[in-house]
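A quick write-up on the structure given underneath.
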Amino acid sequence: MRLSSLLSAILASLRSSTRGWRRVWCASGWVPLETFNNGGEFVPFLPSPARYVATKGMRFLADSLLSHSRLVNVVRPCWISKLEPFNGMWHLSENGKPRGEFDAIVIAHNGKCANRLLMTSGLPLIAKQMKRLDLSSIWALLAAFEDPLPFPGSTEVPFEGAFVRGVDSVSWMANNTKKLEISECGGPHCWTFLSTAAYGKQNKVPQENIPSATAAKVKAGMLDGVESALGLSKGSLPKPLYTRLQLWGAALPTNTPGVPCIFDPFGRAGICGDWLLGSNIEAAVLSGIALANHIADYFQSPGTDPGEFAVGLNNEFQPLEGHDIGQFPGLGSEEKMSEGQAYELAK
């Protein structure tokens, strides 16, 4: 099956999934999305394509998906620290504690931890591709305000989420309280502000141990950026009731091999993730489904040359364009896959 046909089938499955999410009240359409320029100028996005938010939080959406599956057993909390091939099986362990034996393994995360895990796995081609991935750094600031954020000429900002342009310290802002079903119950207005990748790079520190001076500087800089983006006068942004700052050290991919998944048939190991096709949730879903189908085809084709099932092990990486916090339909910055990139996944 060629990539174009496979992706068509996967997209149909994805559309069916989003309809199912809406039926179980996990997700709803989200229209109030804007492009926001420095100084308070904003441009509403067109209503199409549909965008979704998890009305009970992303964790609830994930748990709902799991509850509808009879083939998946999730063990948590669990952090696999070692992969060992033995007698045709993969033996997984967590700090010396056995975590099971498996016919195949899938690496669905990236960054330093994934590279460390693969270092002694005996999967040089998989490890090589994973190490070629470059990731940006983004600062994330949660700020809770007692009242709605002010906006020139209005009692509150006329949007729930916006991409910010022209501000060094802020690239995205969203009222998370408005996404949830509890938004009508009163209480604080909890906003999330995400920095630009450039700001993250300029102020990068070890994310596990952020110096207090850096935290204070970044928080002040981001709140100043919010104030500037909204077109408010200096010092007029209300003081938050609560803030929480975190560096997203391994945030978004900046390059990609442009394949839906990576699979080593001789090691029976694969990689899936948004960075293989783009930089958003849709790309992650498509990648996961593609790898699952590919592994199923591999095990259902005894006698076939395993080499025919190798995918993405030697693909060159190309720069990945998009917004600082990912790719989103309607912004005109998505990486497009051409027919020339069609890849034969399986017979």
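Checked against a 25 Å cut-off, the cross-linked pairs Lys131/Lys201; Lys112/Lys201; Lys82/Lys128; Lys56/Lys234; Lys179/Lys239; Lys82/Lys204 give Cα-Cα distances beyond that limit for Lys56/Lys234; Lys82/Lys204. Placing R0 at 45 angstrom, the Cβ-Cβ distance between Glu94 and Glu146 gives a FRET efficiency of 0.55 after rounding to 0.05. Relative protection proxy for 280-291, 93-104, 65-76, from highest mean packing down: 280-291, 93-104, 65-76 (other beta-carbon atoms within 10 angstrom). Computed packing ranks the peptides 194-200, 217-223 as 194-200, 217-223, most packed first, by mean other Cβ atoms within 10 Å.
Here r is the Cβ-Cβ distance between Val72 and Lys239 and R0 is 45 Å; the resulting FRET efficiency, rounded to 0.05, is 0.50.
No lab work stands behind these numbers, since they all come straight from the coordinates. Since this is a predicted model, take the numbers as computed values, not measurements. When we count neighbours, we look across all protein chains shown, and the Cβ atoms used for this are built from the backbone with ideal geometry, even at glycine.
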